[in-house]
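Only one structure is covered here, and it is reproduced in the block below.
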Amino acid sequence: MARYEQVLTPVDGVISRMRALDAALPARDGVAVFNRVYLAVTEAVDRGIDAGRFPDARAAIALDVRFAERYLAAVDAVSGERPPPACWRPLFQFRHHPGVRPLQFALAGINAHIGHDLALAVVDTCRTLACEPGDLEDEFDRVGDLLVSLEERIREELTPGPELLRIADPLTHLLGAWSLERARDAAWTTARALWALRRLPDVAGEFTARLDTAVGFAGRMLLTPLPD
């Protein structure tokens, strides 16, 4: 039992960091909005690991931590006045914009983290555990299922009521233009491609840079300021 608790320590560490961010940031800050969403996801994964819902707890922990570290590295970069990855820049640039709604901040963060970070986290985990992406597929799918269920809850909590969300409201069109399930499927394909390219570092580096830019472009569109 003591050994299992020791393995869980890295998950506790990233949860503690996210909780500290939640306490420190103003509630309306766009990064705070995403952080609350991601904290809920990470806590749900942690509970799932404790309950034995993952076939390979060690792999689930490694993937969870490597995934979270990429978001926290972006936070650290901005805190240190360094540029974050391109996928994260729109969220940090628009985090205080009064014309961007909370749901947009949440989706932009999820877009950056799923669209870019998740594939790289799978590769990081494969290197850490000396395994192949296929060995992580069950854990990837279970984490993805949690993300999808939480996205549904997030949309319910952050979407304006029906009296405000009219068919002509631009937010209605933004909500229909992005899908977490499609982003998750793309992340899995990207992870497998990056793993196949690991012995071609120049090609893999160019592929990753273009992915970063493309995901950042999508994030910028999600953060288009909207009228009230």
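Some values worked out for this structure:
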read-out: Accessible surface ranking that places the most exposed of Ser179, Ser149, Ser79 first, with a 1.4 angstrom probe; value: Ser79, Ser149, Ser179
read-out: Cα-projected label distance for Leu200 with Ala40, points at 7 Å along beta-carbon direction, nm; value: 4.1
read-out: Pairwise FRET efficiency - Ala77 versus Met221, Cβ, R0 = 35 Å, nearest 0.05; value: 0.95
read-out: For the chain, accessible area per residue (1.4 Å probe, heavy atoms of protein chains only), Å²; value: 50
read-out: About the Cα centre, charge dipole magnitude for the chain (Lys/Arg +1, Asp/Glu -1 at Cβ), debye; value: 520
read-out: The chain: most fluctuating residue of Ala196, Ala112, Ala187 per GNM, C-alpha cutoff 10 Å; value: Ala196
read-out: Most positive-pole-ward Cα, Pro102, Val65, Thr42, against dipole of region 1-126 from beta carbon charges; value: Pro102
read-out: Reported label for calculated percent of Cα pairs over 26 Å apart given (1) 44; (2) 28; (3) 36; value: (3)
read-out: Value at 222 nm in deg cm²/dmol, rounded to 500, when DSSP H runs of n ≥ 4 in the chain each add -39,500 (n - 2.57); value: -24000 deg cm²/dmol
read-out: Val215 accessible area, assembled protein chains, probe 1.4 Å, Å²; value: 10
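The values are calculated or read from the model by the stated rules, or taken from the named source; none is laboratory data. Note that this is a predicted model, so its numbers are computed, not measured. Quick reminder, even Gly has a Cβ in these numbers, built from the backbone with ideal geometry, and neighbours come from all protein chains shown. Just the protein is used for accessible areas: all its heavy atoms, side chains included, with ligands, DNA and RNA removed. Shrake-Rupley method; radii C 1.70, N 1.55, O 1.52, S 1.80 Å.
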